[in-house]
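Q: Let me begin by handing over the structure; questions about it come next.
The values are calculated or read from the model by the stated rules, or taken from the named source; none is laboratory data. Note that the structure is predicted; figures quoted are calculated from it, not measured. Here the Cβ is made from the backbone with ideal geometry for all residues, glycine too, and neighbour counts use every protein chain on show.
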Number of protein chains: 2
Amino acid sequence: MKKLINDPAHYVDETLDGLTLAFPSLVRDGAAGRVIRRAEGVTRGKVGIASGGGFGHLPLFTGYVGRGLIDSCAIGNVFEGPNIDSCVDAIRLADGGRGVLRLYGNYGGDRMNFDMAGEVLEDEGIRCTTVLGTDDIASGGPDEIGRRRGVAGLIYAYKAAGASADRGADLEEVTRIAAKAVAATRTIGVGLAPCRLPSAAKPSFELAEDEIEMGIGIHGEPGIWRDKLRSADAIADEMVDRLLADLPAQTGGEVSVLVNGLGATPQEELFILYRRVRKRLDDAGVNVVQPLVGNYVTSMEMQGASVSLFHLDEELKTLLRAPAECPFWRVD
Amino acid sequence: MKKLINDPAHYVDETLDGLTLAFPSLVRDGAAGRVIRRAEGVTRGKVGIASGGGFGHLPLFTGYVGRGLIDSCAIGNVFEGPNIDSCVDAIRLADGGRGVLRLYGNYGGDRMNFDMAGEVLEDEGIRCTTVLGTDDIASGGPDEIGRRRGVAGLIYAYKAAGASADRGADLEEVTRIAAKAVAATRTIGVGLAPCRLPSAAKPSFELAEDEIEMGIGIHGEPGIWRDKLRSADAIADEMVDRLLADLPAQTGGEVSVLVNGLGATPQEELFILYRRVRKRLDDAGVNVVQPLVGNYVTSMEMQGASVSLFHLDEELKTLLRAPAECPFWRVD
């Protein structure tokens with residue numbers, strides 16, 4: 001498991017340098033340089049959206065800073081949440097005078113630091129609300145959604161809340177939309193091979209040469225089962241079955257589908273998965289709107305994929321289709 | 001080396017099904033379904049551009065079918081060129097009445113089949129010209145450019161020739177532009193770990209756990225040296241040195257840079273590479289225009305990256321910046 005890196009201690013900062021050099025719409029900011037914000041700055045009078053999380057998931061989180069998406073992002077070390085100062089900086093840099101929605105994945109460290117940052121900023125008069133991504137169905141039962149982790153489906157909440165903020169909605173409304181988008185999103189992942197932290201000698205977990213793990217998290221958190229590798233269609237079938245059992249779709253209903261590569265999975269295989277997911281949804285009479293197939297939320301060189309379903313009503317569909325632009329996702 | 005696939009015999013066709021389901025702007029066509037063409041069909045009166053090659057390099061070749069890029073693409077099996085019938089179909093489907101440029105990588109099998117297809121079609125009155133991608137500096141000396149393989153830099157030729165055709169240029173002019181773009185492009189790759197053909201039990205080559213290969217081809221063709229893994233900066237330095245030694249850039253000159261992942265390399269690492277490539281070009285007084293960082297030309301799960309430089313004059317810069325749109329590359 002070789003890496004094209006320099007000193008592991010500089011991994012995050014060198015990557016952020018390269019990212020912002022390649023995409024001038026993204027700018028490093030914050031006292032420690034661990035915030036990415038929109039180069040054009042805050043739009044006055046718009047509700048801000050700040051996100052953040054551990055590093056190693058590009059394009060998540062930082063890559064989704066852009067028009068109609070999020071305004072700023074606090075960045076931690078690899079697989080470690082951002083520190084309080086960076087959270088404070090990110091929220092401040094997202095503030096356009098109408099309050100800031102904190103929208104990020106449901107992980108303990110991130111929650112603690114974003115909460116404490118919010119307390120600091122309320123003293124400054126910046127109103128904050130919070131919505132947590134909890135789309136990973138493998139990390140808690142349907143009756144304990146508050147325990148579920150946020151994974152790839154978070155980008156749908158970015159999209160819906162970002163569109164709502166762009167249209168001039170107030171903080172309560174943007175927060176309602178974000179929560180509605182999270183509630184309408186379900187994700188499950190499958191892992192084929194692990195990743196290794198740049199500073200570590202060993203992979204984050206191990207899988208036998210013929211083994212896969214259903215339900216794995218984006219940091220290698222344990223899933224639902226480990227068993228022999230099976231066909232892409234069998235894997236896709238189980239993923240769709242589990243997703244629809246957790247949140248059924250009506251015949252004639254609409255969903256967006258995200259077939260997401262975890263980092264080292266060839267695009268060819270993502271399309272083979274998508275083909276089957278699409279067939280299953282077609283067979284169930286569920287219409288697919290604006291599908292996404294590619295590497296949207298990764299775990300460095302982890303091999304595997306996730307499937308997310310974003311269940312749409314007219315309101316969410318309109319927001320999904322609203323214009324948005326960041327280096328990794330564009331809607332006209 | 002596990003794969004999310006079904007029967008290896010259906011790998012290409014299932015991937016193409018998923019690709020066209022995800023992106024309705026691409027349509028399968030041709031007698032064997034091994035041509036991808038633009039859904040909107042041929043633009044009458046425009047010079048057509050047909051490409052093609054072996055499969056397993058997504059987004060290349062098929063992903064670049066689109067406005068301001070290529071019109072059709074013939075697809076072979078994994079790492080095997082398209083057959084004559086698919087080449088004939090692709091050229092025919094690209095024909096808008098003003099002739100077709102065949103623009104593809106310099107590989108013996110592809111050349112033979114595209115040449116024979118052209119002979120068939122000249123009898124039908126479709127005029128054809130040919131330009132071959134030869135950007136890989138590791139596969140021949142500067143005095144034997146005709147022996148060099150076409151790799152990631154081919155997409156710059158697509159872009160320039162596609163823009164020229166879109167502006168109404170005739171076949172001679174589009175052909176001249178494609179040849180000029182190829183002559184202005186240089187690429188070198190580095191491999192860290194191999195890929196495996198879906199039908200094979202073993203990887204296409206082997207590299208020791210601490211070894212990399214400089215100059216590797218996109219099918220694992222042997223490169224310039226094999227040696228211990230070194231730092232990303234040292235690798236980037238050698239790549240830039242070799243590229244600029246092969247085709248020097250003037251101080252004050254302009255290039256576009258493509259830092260391309262070969263399939264299993266995390267985006268983080270591509271940005272670390274780009275950071276150094278950019279610094280080296282900045283230091284040399286060479287200006288970077290429209291950089292590309294991502295997975296543009298892959299070899300399934302091969303780990304590694306390539307760096308391409310596209311040397312610009314005013315004519316090529318204008319064509320690079322002209323509008324284009326396909327599922328994997330968009331310029332406004």
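Q: Those residues that are surrounded by fewer than 24 Cβ atoms within 10 Å (Cβ to Cβ), among the charged types (D, E, K, R) and either touching a helix residue (DSSP H, G or I) at 6+ places or on another chain (Cβ under 6 Å) or within 10 Å of another protein chain (Cβ to nearest Cβ) (or both), I need them from the stretch B:282-302; list them, please.
A: Selection gives B:282 alone.
Q: Checking residue A:6 against (1) away from every other protein chain (no Cβ under 14 Å); (2) part of a loop (DSSP other than H, G, I, E, B); (3) touching a helix residue (DSSP H, G or I) at 6+ places or on another chain (Cβ under 7 Å), which single condition isn't satisfied?
A: Of everything listed in (1) away from every other protein chain (no Cβ under 14 Å); (2) part of a loop (DSSP other than H, G, I, E, B); (3) touching a helix residue (DSSP H, G or I) at 6+ places or on another chain (Cβ under 7 Å), residue A:6 misses just condition (1).
Q: Which ones in the stretch A:303-332 are outside any strand (DSSP E or B), within 12 Å of chain B (Cβ to nearest Cβ) and surrounded by fewer than 19 Cβ atoms within 10 Å (Cβ to Cβ)? Spell out the reasoning first.
A: Step one: filter the stretch A:303-332 for residues outside any strand (DSSP E or B), giving A:313-323, A:327-328, A:332.
Still in the running and within 12 Å of chain B (Cβ to nearest Cβ): A:327-328, A:332.
Within the stretch A:303-332, just A:332 meets the criteria.
Q: Continuing with the same structure: Which residues, taken from the stretch A:125-143, are more than 30 Å from residue A:225 (Cβ to Cβ) and either in a helix (DSSP H, G or I) or in contact (Cβ under 8 Å) with a residue 12 or more places away in the chain (or both)? Talk me through it step by step, then tell me what you get.
A: Start the filter on the stretch A:125-143 by keeping residues that are more than 30 Å from residue A:225 (Cβ to Cβ), which leaves A:125-131.
Of everything in the stretch A:125-143, those that are more than 30 Å from residue A:225 (Cβ to Cβ) and either in a helix (DSSP H, G or I) or in contact (Cβ under 8 Å) with a residue 12 or more places away in the chain (or both) turn out to be A:126, A:127, A:128, A:129, A:130, A:131.
Q: Oh, and also: Which residues, taken from the stretch B:176-199, are among the hydroxyl-bearing types (Ser, Thr, Tyr) and either crowded, with 24+ Cβ neighbours inside 10 Å or touching a Gly at 6+ places or on another chain (Cβ under 7 Å) (or both)? Steps first, please.
A: Applying the first criterion (among the hydroxyl-bearing types (Ser, Thr, Tyr)) to the stretch B:176-199 yields B:185, B:187, B:199.
Within the stretch B:176-199, B:185, B:187 qualify.
Q: Residues to consider are B:97, B:118; find the one that is over 22 Å from residue B:326 (Cα atoms) and surrounded by fewer than 19 Cβ atoms within 10 Å (Cβ to Cβ).
A: Working: B:118 fails: surrounded by fewer than 19 Cβ atoms within 10 Å (Cβ to Cβ).
Residue meeting the stated conditions: B:97.
Q: Still on this structure, I have one more. Select from the stretch A:48-62 the residues that are part of a strand (DSSP E or B) and more than 11 Å from residue A:104 (Cα to Cα) and write down the one among them that is nearest to the other protein chains (Cβ to nearest Cβ).
A: Going residue by residue through the stretch A:48-62, those that are part of a strand (DSSP E or B) are A:48-55.
From what's left, more than 11 Å from residue A:104 (Cα to Cα): A:48, A:55.
Working: A:48: 26, A:55: 8 Å.
Looking at the filtered set, the residue picked out is A:55.
Q: Please tell me if residue B:41 is at positive phi, away from every other protein chain (no Cβ under 14 Å), of a type outside the set (S, T, N, Q) and touching a residue at least 40 places away in the same chain (Cβ under 8 Å). Steps first, answer last, please.
A: Values: at positive phi: yes; away from every other protein chain (no Cβ under 14 Å): yes; of a type outside the set (S, T, N, Q): yes; touching a residue at least 40 places away in the same chain (Cβ under 8 Å): no.
The answer is no for residue B:41.
Q: A further question follows. Working only within the stretch B:23-36, note down all residues that are closer than 18 Å to residue A:268 by Cβ and under 21 Å from the mean Cα position of the chain (by Cα). Before the answer, list the steps.
A: Applying the first criterion (closer than 18 Å to residue A:268 by Cβ) to the stretch B:23-36 yields B:23, B:26, B:28, B:33-36.
Scanning the stretch B:23-36 gives B:23, B:26, B:28, B:34, B:35, B:36.
Q: Next question, about the same structure. Residues that are crowded, with 19+ Cβ neighbours inside 10 Å and either free of Cβ contacts under 8 Å to residues at least 24 places away in the same chain or under 30 Å from residue B:305 (Cα atoms) (or both): does the stretch A:239-253 have at least one?
A: No.
Q: Let me ask something else. Across the stretch A:193-217, what is the number of residues that are within 13 Å of another protein chain (Cβ to nearest Cβ), more than 28 Å from residue B:12 (Cβ to Cβ) and among the hydrophobic types (A, V, I, L, M, F, W, C)?
A: 4
Q: What number of residues in the stretch A:79-118 are among the hydrophobic types (A, V, I, L, M, F, W, C), over 20 Å from the mean Cα position of the chain (by Cα) and closer than 27 Å to residue A:221 by Cβ? Spell out the reasoning first.
A: So in the stretch A:79-118, the residues among the hydrophobic types (A, V, I, L, M, F, W, C) come out as A:79, A:84, A:87-88, A:90-91, A:93-94, A:100-101, A:103, A:112, A:114, A:116-117.
Remaining after also requiring over 20 Å from the mean Cα position of the chain (by Cα): A:84, A:88, A:93, A:116-117.
Pick out the ones that are also closer than 27 Å to residue A:221 by Cβ and you get A:84, A:116-117.
Residues in the stretch A:79-118 being among the hydrophobic types (A, V, I, L, M, F, W, C), over 20 Å from the mean Cα position of the chain (by Cα) and closer than 27 Å to residue A:221 by Cβ: 3 in total.
Q: Select from the stretch A:9-31 the residues that are away from chain B (no Cβ under 14 Å) and modelled with pLDDT of 95 or more and list them in ascending order.
A: The initial filter retains those residues of the stretch A:9-31 that are away from chain B (no Cβ under 14 Å), namely A:27, A:29-31.
Matches in the stretch A:9-31: A:27, A:29, A:30.
Q: Which residue, of A:55, A:79, is of a type in the set (A, V, I, L, M, F, W, C) and on the phi > 0 side of the Ramachandran plot? Step through it out loud before you land on a result.
A: Values: A:55 fails: on the phi > 0 side of the Ramachandran plot.
Exactly one residue qualifies, and that residue is A:79.
Q: Taking the stretch A:218-239 on its own, how many of its residues are more than 12 Å from chain B (Cβ to nearest Cβ) and part of a strand (DSSP E or B)? So that I can check it myself, show each step before the final result.
A: Just the residues of the stretch A:218-239 that are more than 12 Å from chain B (Cβ to nearest Cβ), to begin with: A:218-227, A:238.
Filter once more, so that each one left must be part of a strand (DSSP E or B): A:225-227.
Number of matching residues: 3.
Q: Hey, any hits in the stretch A:176-186 for a residue that's modelled with pLDDT of 95 or more, in contact with a strand residue (DSSP E or B) (Cβ under 7 Å, 6 or more places away or on another chain) and farther than 30 Å from residue A:96 by Cβ?
A: The answer is yes; a qualifying residue exists.
Q: Follow-up. Go through the stretch A:201-235 and report how many residues are hydrophobic (A, V, I, L, M, F, W, C) and touching a residue at least 40 places away in the same chain (Cβ under 8 Å). Talk me through it step by step, then tell me what you get.
A: Step one: of the stretch A:201-235, the residues hydrophobic (A, V, I, L, M, F, W, C) are A:201, A:205, A:207-208, A:212, A:214, A:216, A:218, A:224-225, A:229, A:232, A:234-235.
Still in the list and also touching a residue at least 40 places away in the same chain (Cβ under 8 Å): A:212, A:214, A:216, A:218, A:224, A:232, A:235.
Residues in the stretch A:201-235 being hydrophobic (A, V, I, L, M, F, W, C) and touching a residue at least 40 places away in the same chain (Cβ under 8 Å): 7 in total.
Q: With the condition kept exactly as written, say whether any residue in the stretch A:262-281 is away from chain B (no Cβ under 13 Å) and in a helix (DSSP H, G or I). Let's see the steps before the verdict.
A: To start, the set of residues in the stretch A:262-281 that are away from chain B (no Cβ under 13 Å) comprises none.
Taking every residue of the stretch A:262-281 in turn, none turns out to be away from chain B (no Cβ under 13 Å) and in a helix (DSSP H, G or I).
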